[in-house]
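Participant: My questions will all concern the structure given below.
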Amino acid sequence: MGKPRILYVDDEIINLTNFEQSFSREYEIFTAISGEEALATLAKSEPMHIVLTDQRMPGISGVDLLSQMRELYPDTIRMILTAFTDTRYMIDSINRGHVYRYIVKPWDEDELRMAIKHAVDLHELNMNNRLLTEELKEKNKSLEKLNQELGKRVEERTRDLNKANGILATTNRELSEKLAQLQAAKEEMATLRNLVPICSYCKKIRDDKDFWQELEMFMLTNSDFKFTHSVCPGCYESLIRPELDEFKKKKLADKKDKSLA
């Protein structure tokens with residue numbers, strides 16, 4: 001990093017020489033003998049850290065020079081040398097040129113050295129603040145852009161999620177319908193399996209191999225039923241009792257025949 005740059009403006013050559021000899025070791029010194037020359041030097045040089053100018057000069061005065069510099073080079077620290085101590089004049093200089101500090105002539109080297117050091121520190125602080133402000137603006141822009149991109153991504157993900165949820169809901173609904181249809185089919189199949197073909201005349205039953213069986217045999221082979229034989233009252237009266245009565249009659253007849261013999 002180079003030395004801080006100072007432009008000293010004075011219409012007296014001896015003052016320019018003394019200033020350059022006093023401060024050239026610490027700073028890069030530029031000199032101008034008039035306000036016009038100072039503006040030309042500023043136009044063709046790198047930005048100055050400090051411009052220190054005498055007030056009373058032919059042509060452009062020190063206050064007028066600093067007033068123009070305020071518009072053209074706002075970052076440069078502006079200081080003025082004056083032999084006047086009138087308060088109204090000092091206030092006018094500060095208001096018009098935004099003068100950082102005024103130095104009373106003839107200047108004291110130690111006092112001027114301290115004033116220049118403070119001005120250089122102020123310039124560096126201003127530049128750092130500007131740099132930080134610009135960096136902060138850039139970061140804010142980047143953050144805003146990132147937030148916009150993030151917002152877009154969230155919107156896209158939300159749309160995708162809503163779409164996926166819609167598909168999932170449709171799939172679940174279709175699956176529920178399929179399950180209901182399957183359950184109905186199972187119940188229908190169970191009903192069909194429970195339908196057993198039986199002959200209307202002989203009462204034989206057809207099994208799943210298309211073989212006709214007696215009811216009793218079908219039940220024994222296709223269920224857990226165990227049969228015990230008995231006679232119902234109707235069959236007893238219509239079948240068994242007549243046979244018993246016939247048997248008794250026959251037995252009585254046999255006894256009668258034996259007694260006659």
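The values are calculated or read from the model by the stated rules, or taken from the named source; none is laboratory data. Bear in mind that the values here come from a model prediction, so they are computed numbers and not experimental data. Because the Cβ atoms are built from the backbone with ideal geometry, glycine has one as well, and the counts that use them run over all protein chains shown.
Participant: With the requirement that a residue be among the charged types (D, E, K, R) and either loosely packed, with under 10 Cβ neighbours inside 10 Å or under 17 Å from the mean Cα position of the chain (by Cα) (or both), what does the range 142-187 give you? Spell out how you get there, then give the answer.
Facilitator: Of all residues in the range 142-187, those among the charged types (D, E, K, R) come to 144-145, 149, 152-153, 155-157, 159-160, 163, 173-174, 177-178, 186-187.
Hits for the range 142-187 are Glu144, Lys145, Glu149, Lys152, Arg153, Glu155, Glu156, Arg157, Arg159, Asp160.
Yes/no per residue for (1) over 14 Å from Leu112 (Cβ atoms); (2) among the small types (Gly, Ala, Ser); (3) touching a Ser or Thr at 6+ places or on another chain (Cβ under 8 Å); (4) without any contact (Cβ under 8 Å) to a residue 12 or more places away in the chain:
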site	(1), (2), (3), (4)
Thr17	yes, no, no, yes
Glu20	no, no, yes, no
Ala40	yes, yes, no, yes
Met48	yes, no, yes, no
Gly59	yes, yes, yes, no
Leu66	yes, no, yes, no
Tyr73	yes, no, no, no
Leu81	no, no, yes, no
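Participant: Here's a follow-up. Given the range 5-113, what helices (runs of 4 or more DSSP H) lie entirely inside it while holding 1 or more residues that are under 26 Å from Leu125 (Cα atoms) and modelled with pLDDT of 95 or more?
Facilitator: Working: elements: 13-23, 35-44, 62-72, 87-97.
Ranges flagged: 13-23, 35-44.
Participant: Residues being modelled with pLDDT under 75 and part of a loop (DSSP other than H, G, I, E, B): count how many of those fall in the range 232-261.
Facilitator: So the answer is 1.
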